[in-house]
Amino acid sequence: MMGGYGDVQLLNDDGSRLDGRKVDEMRPVSIEAGVLPAADGSAMVTHGLNVAVAAVYGPMEAHPRKIQRQDRAVIDVRYNMAPFSTSDRIRPGFNRRSREISKVTAEALESVVLVERYPRSKIRVEIEILAAEAGTRCVGITAAAVALADAGIPMRDMIVGVASGKIEDTVVLDLDKAEDNYGQADLPVGILPNTGEIAFLQMDGDLSPDEFDLAMEYNFKAAKEIHGIMVDALKRKYDGGEA
Amino acid sequence: MSQGQAGAEQRLVTPGMAIGPSTGKRAGSGIIVAEESFIATQLGWLRERNNTVSVDPINAAYMPRSGDLVVGIVAEVRNNLWFMNINGSFQGLLPMSLAPWKVEFGAARQHMDVGDVVLARVQEVDECHNVVLTMKGVGLRRLNQGAVESIPVQHVDRVRGENNALLQRMRDACDCRIMVGENGRAWIEGSSEGISWARSALQQLVQEGHSKGFETILNEMENKTKGDA
């Protein structure tokens, strides 16, 4: 259940949000592909004040052998927040939250990567959050998708992570830190923009069916926008220009 | 706009991008068919040849195929076989029965040890990606001299050119023996200046290969060499 502190005002009197955005407006997004020369593929995504770097290694032989699948590759995701990524220092290392996000991210990526092409193999995806301001799992997924494309891993589509939520009984797109902490609901999803499929969905808090539909409408709109930025980043890296 | 690859349609595609209707054409590598339309699955240059639409990937991993010539590095030695690093997801296995020498059981290390470099051919790849190598064949041997340079797997055909024309031109320019394995490793043997010249040409391909043809790189290198002389 979200915080839902009733006395925290998250919308201005004119209906805009505390940072001046409209309810269906996203924070600014910029993406750079191929930022780490040692990785097979990499990307850095800046989404508002979030900064995520993703690196992809492989496909390689899956170790230990017990994790091998005879008919497909496994995707091994490690999501980690850097100790300096938030205002309060985070204790380094894996914790319950990072384990959960690693798992849901791996499952989302497995649904788009053509894993059947690489039996007994492993594709390693490292996601490092350098700066956090709400919505880091979505930013991590977007960064991982660009890094996978940069590594030449075959995929059905490039998955986009995006979130909507509810503050003061109003559905809004792309929650910032205050809205995430004091809002009423959060709906992060992984969208395949070309097919309109949903590869992962989580919901924290309560949304009515109508609010859910509106939140998904915002998410699909934002996913299209972010997908364009992802494609531009890859074209800028390899084609020397915009799409 | 970059040059991409000579002769290829100058269109960069990303995974999930719809390319067009699939009617009357075949899907090649890097393409899947969904609801009668072609969808790209890899980042790369779109290419249409012989009625087949495919993607020349910008980055790709080496997937061994039977008959491939590879430059392998011995990674492990057992009593009767060697495990080779062939720059793929899995190590290649070279049994002593497919080595060019008569090897006694337990004496494999006397012929090749960890770190040795060999020119081998892929004998067999099964559906689980087990790779068996052979060194029985013309020219297959242990490489005792020279240098090994890594090149991206997707650039191997570009280094060779049509009928090995570019490879031969590079050999002539640096006066070295050069073998390019399908697994993205080139073996270069000759004078130290020649090896250095060939390595810098290949390194330039690694850095600029996605936007520049290897022929252009060779032209620039040759002009620079003439200028220095």
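The values are calculated or read from the model by the stated rules, or taken from the named source; none is laboratory data. Quick caveat, the model's predicted, so the values are computed rather than measured. Neighbour counts are summed over all protein chains in view; Cβ atoms, including those assigned to glycine, are modelled from backbone coordinates with ideal geometry.
Take A:V74 and tell me if it is in contact with a helix residue (DSSP H, G or I) (Cβ under 7 Å, 6 or more places away or on another chain) and more than 17 Å from A:V160 (Cα to Cα). Walk me through it before giving the result.
Values: in contact with a helix residue (DSSP H, G or I) (Cβ under 7 Å, 6 or more places away or on another chain): yes; more than 17 Å from A:V160 (Cα to Cα): yes.
Against the criterion (in contact with a helix residue (DSSP H, G or I) (Cβ under 7 Å, 6 or more places away or on another chain) and more than 17 Å from A:V160 (Cα to Cα)), A:V74 qualifies.
Can you tell me which of A:A185, A:A223 is more than 14 Å from chain B (Cβ to nearest Cβ), small (G, A, S) and out of contact with any helix residue (DSSP H, G or I) (no Cβ under 7 Å at 6 or more places or on another chain)?
Among A:A185, A:A223, only A:A185 is more than 14 Å from chain B (Cβ to nearest Cβ), small (G, A, S) and out of contact with any helix residue (DSSP H, G or I) (no Cβ under 7 Å at 6 or more places or on another chain).
Quick check: anything in region A:107-115 in a helix (DSSP H, G or I), within 14 Å of A:V139 (Cα to Cα) and either away from every other protein chain (no Cβ under 14 Å) or modelled with pLDDT of 95 or more (or both)? I'd like the intermediate steps shown before the answer.
First, the residues of region A:107-115 that are in a helix (DSSP H, G or I): A:107-110, A:115.
After this cut, where a residue has to be within 14 Å of A:V139 (Cα to Cα) as well, the list is A:108-109.
If we keep only those that are either away from every other protein chain (no Cβ under 14 Å) or modelled with pLDDT of 95 or more (or both) as well, we get A:108-109.
Scanning region A:107-115, I find at least one residue that is in a helix (DSSP H, G or I), within 14 Å of A:V139 (Cα to Cα) and either away from every other protein chain (no Cβ under 14 Å) or modelled with pLDDT of 95 or more (or both), so the answer is yes.
Which number in (1) surrounded by fewer than 19 Cβ atoms within 10 Å (Cβ to Cβ); (2) of a type in the set (S, T, Y); (3) within 10 Å of another protein chain (Cβ to nearest Cβ) marks the one condition that B:T41 misses?
Here B:T41 clears every test but (1).
Report the residue count in region A:144-180 for those that are among the basic types (K, R) and more than 14 Å from chain B (Cβ to nearest Cβ).
First, the residues of region A:144-180 that are among the basic types (K, R): A:156, A:166, A:177.
Applying the additional criterion that residues be more than 14 Å from chain B (Cβ to nearest Cβ) yields A:166, A:177.
Residues flagged as among the basic types (K, R) and more than 14 Å from chain B (Cβ to nearest Cβ) within region A:144-180 amount to 2.
Going residue by residue through region B:106-128, is there one that turns out to be among the hydrophobic types (A, V, I, L, M, F, W, C), part of a loop (DSSP other than H, G, I, E, B), within 17 Å of the chain's Cα centre (by Cα) and closer than 30 Å to B:L43 by Cα? Outline the logic, then answer.
Restricting attention to region B:106-128, the residues satisfying the condition of being among the hydrophobic types (A, V, I, L, M, F, W, C) are B:107-108, B:112, B:114, B:117-120, B:122, B:125, B:128.
Checking the rest, the ones that are also part of a loop (DSSP other than H, G, I, E, B) come to B:107, B:112, B:114, B:128.
Now drop any that are not within 17 Å of the chain's Cα centre (by Cα), which leaves none.
Scanning region B:106-128, I find no residue that is among the hydrophobic types (A, V, I, L, M, F, W, C), part of a loop (DSSP other than H, G, I, E, B), within 17 Å of the chain's Cα centre (by Cα) and closer than 30 Å to B:L43 by Cα, so the answer is no.
Given (1) in a helix (DSSP H, G or I); (2) more than 17 Å from the chain's Cα centre (by Cα), where does B:N163 come up short, assuming only one miss?
Condition not satisfied by B:N163: (2).
I need a count of the residues in region B:1-20 that are more than 8 Å from chain A (Cβ to nearest Cβ) and modelled with pLDDT of 90 or more.
2
Suppose we filter region A:46-70 for residues that are within 22 Å of B:I86 (Cα to Cα) and in a loop (DSSP other than H, G, I, E, B); how many remain?
Residues that pass the stated criteria total 5.
Please go through region A:40-99 and pick out each residue that is farther than 24 Å from A:V231 by Cβ, away from chain B (no Cβ under 14 Å) and of a type in the set (S, T, N, Q).
A:N80, A:S85, A:T86, A:S87, A:N95, A:S98
Quick one: in region A:123-155, of everything that is among the charged types (D, E, K, R) and at pLDDT 95 or above, which residue is farthest from A:G58 (Cα to Cα)? Spell out the reasoning first.
To start, the set of residues in region A:123-155 that are among the charged types (D, E, K, R) comprises A:124, A:126, A:128, A:133, A:137, A:150.
With the extra rule that they be at pLDDT 95 or above, the set shrinks to A:124, A:126, A:128, A:137, A:150.
Values: A:R124: 6, A:E126: 12, A:E128: 18, A:R137: 22, A:D150: 12 Å.
Restricting to residues being among the charged types (D, E, K, R) and at pLDDT 95 or above, the top hit is A:R137.
Would you confirm, using the coordinates I've provided, whether A:L130 is within 14 Å of another protein chain (Cβ to nearest Cβ) and not in a loop (DSSP other than H, G, I, E, B)? Give the steps one after another, and end with the answer.
On the way: within 14 Å of another protein chain (Cβ to nearest Cβ): no; not in a loop (DSSP other than H, G, I, E, B): yes.
No; evaluated as a whole, the condition is false for this residue.
Return the residue satisfying two criteria in turn: it lies in region B:82-105 and is over 21 Å from the mean Cα position of the chain (by Cα) and in a strand (DSSP E or B), and of such residues it is farthest from B:R185 (Cα to Cα).
Our first condition is that a residue be over 21 Å from the mean Cα position of the chain (by Cα); within region B:82-105, this holds for B:82, B:95-105.
The next check asks that each one be in a strand (DSSP E or B); those that pass are B:82, B:95.
Details: B:W82: 19, B:P95: 22 Å.
Filtering first and then ranking leaves B:P95.
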